[in-house]
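Enquirer: This is the structure, below, for whatever I ask next.
Throughout, read-outs are computed from the coordinates displayed, never taken from laboratory work. Keep in mind that this is a model prediction, so the values were computed, not measured. Every residue, glycine among them, receives a Cβ derived from its backbone with ideal geometry; neighbour counts consider all protein chains shown.
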2 protein chains.
Amino acid sequence: MQHGNRGPAPHGHVTLVQVAQRAGVSAQSVSNALNNPDRVAPETRKRILAAVEELGYEPNLSARALRNRSSSLIAFKMRPSRPDKASLLMDDFLYVLNAAAVEAGYHLILCHAEDGPAGEIKAYRDLLKKTSIDAFVLAETHHNDDRVAALRSWGVPFASFGRSWDGDDSLAWVDVDGRAGTRAATDHVAAQGHRRIGHIGWLAESELGQDRREGWLDACRDRELETDLQAAVVDSLEAGRQAAHRMLDASRPATALVCASDTLALGVMRALHERGLRPGADVAITGYDDSPTAALVSPGLTTLRQPIDEVGRQLIQAIDNLMAGDPREPQHVLLEPELVVRGSSLPGPRTSAVPTS
Amino acid sequence: MQHGNRGPAPHGHVTLVQVAQRAGVSAQSVSNALNNPDRVAPETRKRILAAVEELGYEPNLSARALRNRSSSLIAFKMRPSRPDKASLLMDDFLYVLNAAAVEAGYHLILCHAEDGPAGEIKAYRDLLKKTSIDAFVLAETHHNDDRVAALRSWGVPFASFGRSWDGDDSLAWVDVDGRAGTRAATDHVAAQGHRRIGHIGWLAESELGQDRREGWLDACRDRELETDLQAAVVDSLEAGRQAAHRMLDASRPATALVCASDTLALGVMRALHERGLRPGADVAITGYDDSPTAALVSPGLTTLRQPIDEVGRQLIQAIDNLMAGDPREPQHVLLEPELVVRGSSLPGPRTSAVPTS
DNA sequence: CTGTTAGCGCCTTCAT
DNA sequence: ATGAAGGCGCTAACAG
């Protein structure tokens, strides 16, 4: 633990100058060896890298940020989790996003904002004023998203989890194909013999909800099934529960319910519980998101798993490209969700010795 | 993007000098007005603050970090979430922790590490080498925690969610009283008339699990109930399921099962499902954590809610005190969990019109 | 190919 | 009570 020349250098911080001294060159050459390898003689470079290695040198990010206006920080705003929501992908998402960020040499910094887009934009601006942020990751973009407009006007790179719903393809996004997912779920229950397949989805304002609804419609049309059983509600357990009761009280009731979220599907399970009906055996249910809860309820909830780690990786990749000034069109990545079949959509009781999971 | 741009700062950054010009003073006076109010005449100070307000000045954190070796960054390492785990408090925890951090003028930066304590320590050290980190927040501390030793040896402030289990009171921690919680849950089911109350807890290595088990023992002893029905298993749905089957197959079977986690309790629900038994009506179940899932299953799972927002606030407070060089003993805060009663522990079927939630 | 100069924005030290 | 100088660690620009 040798101290720096002047002032207390905590934790044995090593600086460029120390590396330079060790290698017998100037500080600039060390910087070049690291950042512009071609500007330094191979021989010198090797010596410098050896010294770097030996001293365990790591560039100081604050200094670099000050000089370069680039902090290697990527900001992400968390939402408060609602108590009645199952979809805590956020937890997983944040983990993989951070892992990918670190892998690419960035770090994730969390952003806090009052609710609503205005609050979020203000939080972004405040953060940018305080320190340089290389890029932002947005989630749940909508039509005419103010956040997109704001970030763009500031010239800050960003990528979004959620496509641009207004066909604005100058923005980099990664998304999961909700339509294909819901279609797969509908096909799956149809394959079990169900003909009265209802859909419980989100309100019409939600582009995401609309997209998922389309998948159900697609599948029904393919099979010439009726599409009269549908609900457009908010994303809550209670809304799912009530919608389920309505569809089960219909003159020709639903025998299968395809939902736009696990939360809604769990509401359906609640409704069945109240009626003494069994998920799977009596009414087939599918959700969406593969939230942790889906695997834990009994019977397990059939749902669609979003390839969340791939989403994280692709977002960071997109940002990396943006930062590198890649002149090509920003990335648009649409990933396929995976149908995870569990007991809630299967007719049979436990047919095998394996527990219905 | 553009590096080394010498021109005007992007995003309309405002610097100390600009504020100084606006207020007709030197940069130092502005700095003093902000950081050492007593070193500047009240009148001048007022004028300066007006200029700050007017220009929307925010000190640049990178510059400050470089100068002060203090970044106003607090680091936290996330774990990957296990697929079979219900307790995604993390999501909530991170949100409130960040909110509290921002409130106190900090920002949360996420840390990524390979699994295991060694990987975590390495990640901390790497981060510290790259940039100054004001403090760390630890989670799930155990007996003889290497991370504690490491951080302490580096002289970096930190606070931990989870007490020091080895009586080392020189470390600042916030924790939730698992013993009191489990006792409350046990008392609750006992009050429903249950006499054969089993406990499904964690392996003996887990201090946290041991603590929770004690609460069950306390309550049983108080009421002179037998404590033969107990299991010490890993925290998974499957383990809970198997343990439940064992306790229901006993010669004098359990009529109530108090679990150390929601995950285990959900395993119990799975076991009941397999046996065609009803949670609540046939066997009372309680979990621990009030994970999102607990509210979403049917019937709802009785569980213990950790006052997670208070935990977050207290952790930041503890760090703030540490940073301020508060000479008093580090904070130790033990919070009480709150019993949330839902259908899984209540005998009656739907007695009222209100759905069993 | 390498070294020197200068300055990013801030704050501590020292002079006025 | 205020201002001037200097430097935290780094790197773009320009010599040499």
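Enquirer: First select every other residue whose beta carbon is under 15 angstrom from the beta carbon of B:PRO157; then total the charges, Lys and Arg +1, Asp and Glu -1.
Expert: 0
Enquirer: Something else about it: What whole-number value in cubic angstrom gives the convex hull volume per residue for the C-alpha atoms of segment B:68-211?
Expert: Expressed per residue, the convex hull around the Cα atoms of segment B:68-211 is 143 Å³.
Enquirer: Label position 7 Å from Cα toward Cβ: report the copy-to-copy distances for B:VAL341 in nm, one decimal, ordered from shortest.
Expert: 4.3
Enquirer: Can I ask one more? Going by average Cβ density within 10 Å per residue, which order do the peptides B:154-161, B:311-318, B:280-287 take, highest to lowest?
Expert: Sorting B:154-161, B:311-318, B:280-287 by mean packing, highest first, produces B:280-287, B:311-318, B:154-161.
Enquirer: Now a separate question. Out of the GluC sites (Glu not before Pro) in segment B:214-265, which ones are loop residues according to DSSP with at most 16 other C-beta atoms within 10 Å?
Expert: Here the GluC sites (Glu not before Pro) that fit, given the DSSP loop and packing criteria, are B:GLU224, B:GLU226.
Enquirer: In addition: Nearest 500 deg cm²/dmol is fine: what mean residue ellipticity at 222 nm does chain A get from its DSSP H runs of n ≥ 4 alone, each adding -39,500 (n - 2.57), divided by its residue count?
Expert: -13500 deg cm²/dmol
Enquirer: Next question, about the same structure. Work out the length of the dipole vector of chain A about its Cα centre, built from +1 on the beta-carbon of each Lys and Arg and -1 on the beta-carbon of each Asp and Glu, and round it to the nearest 20 debye.
Expert: 900
Enquirer: A further question on this structure: If you take every DSSP beta bridge fully contained in chain B, what fraction is antiparallel? Give it as a percent rounded to 5.
Expert: Here the share of antiparallel DSSP bridges comes out near 10 percent.
Enquirer: So, one more: How far is A:ASP168 from the same spot in each other copy, in nm, shortest first, if each label point sits 7 Å from Cα toward Cβ?
Expert: 5.1
Enquirer: Give the peptides B:168-177, B:243-252 in descending order of average Cβ contacts within 10 Å, highest first.
Expert: Answer by packing, highest mean first, reads B:168-177, B:243-252.
Enquirer: Where the only charges are on Cβ atoms (+1 Lys, Arg; -1 Asp, Glu), what is the dipole of segment B:242-357 about its Cα centre, to the nearest 20 debye?
Expert: 660
Enquirer: Take every residue in peptide B:104-111, count the Cβ atoms of other chains within 10 Å of its Cβ, and give the average of those counts.
Expert: Mean shielding by partner chains, rounded to a whole number: 5.
Enquirer: Using a 10 Å cut-off on Cβ to Cβ distances, tally the other chain neighbours for every residue of A:119-132 and report the average as a whole number.
Expert: 4
Enquirer: Given +1 on the Cβ of Lys and Arg, -1 on the Cβ of Asp and Glu, and no further charges, what dipole in debye does the protein assembly as shown carry about its Cα centre, rounded to the nearest 20?
Expert: Here the protein assembly as shown has a charge dipole of around 1000 debye.
Enquirer: If you build a Gaussian network model of chain B, linking Cα atoms that sit under 10 Å apart, which residue out of B:GLU338, B:GLU205, B:GLU58 swings the most?
Expert: B:GLU58
Enquirer: What are the label-to-label distances in nm, one decimal and shortest first, from A:GLU103 to the same spot in the other copies, with labels 7 Å along Cα to Cβ?
Expert: Shortest to longest, the spacings are 3.6 nm.
Enquirer: Further question on the same structure: Which distance in nm do the two modelled labels at A:ALA118 and B:GLN18 give, with both placed 7 Å along the Cα-to-Cβ direction?
Expert: 2.4
Enquirer: Same structure again: Along its three principal axes, how long is the protein assembly as shown when you only count alpha carbons? Whole Å, largest extent first please.
Expert: Rounded to whole Å, the extents work out to 78, 65, 61 Å.
Enquirer: With point charges of +1 on the Cβ of Lys and Arg and -1 on the Cβ of Asp and Glu, referenced to the Cα centre of chain B, which listed residue (B:ALA100, B:LEU171, B:SER344) lies farthest in the positive direction of the dipole?
Expert: It is B:ALA100, whose Cα lies furthest towards the positive end.
Enquirer: What is the set of long-range amide H partners of B:GLU58 at a cut-off below 5 Å, with H atoms built 1.01 Å from backbone N?
Expert: The answer is B:VAL14.
Enquirer: Next question. For A:ASP228 and A:ARG278, what does the FRET efficiency come to when R0 = 30 Å and r is the distance between their Cβ atoms, rounded to the nearest 0.05?
Expert: After rounding to 0.05, the efficiency reads 0.75.
Enquirer: Restricting to Cα pairs below 8 Å that are 6+ residues apart, what does the relative contact order work out to for segment A:130-282? Please round to a whole percent.
Expert: 19
Enquirer: Is there a simple number for the mean count of other chain Cβ atoms within 10 Å of the Cβ of residues in B:268-279, and what is it?
Expert: 3
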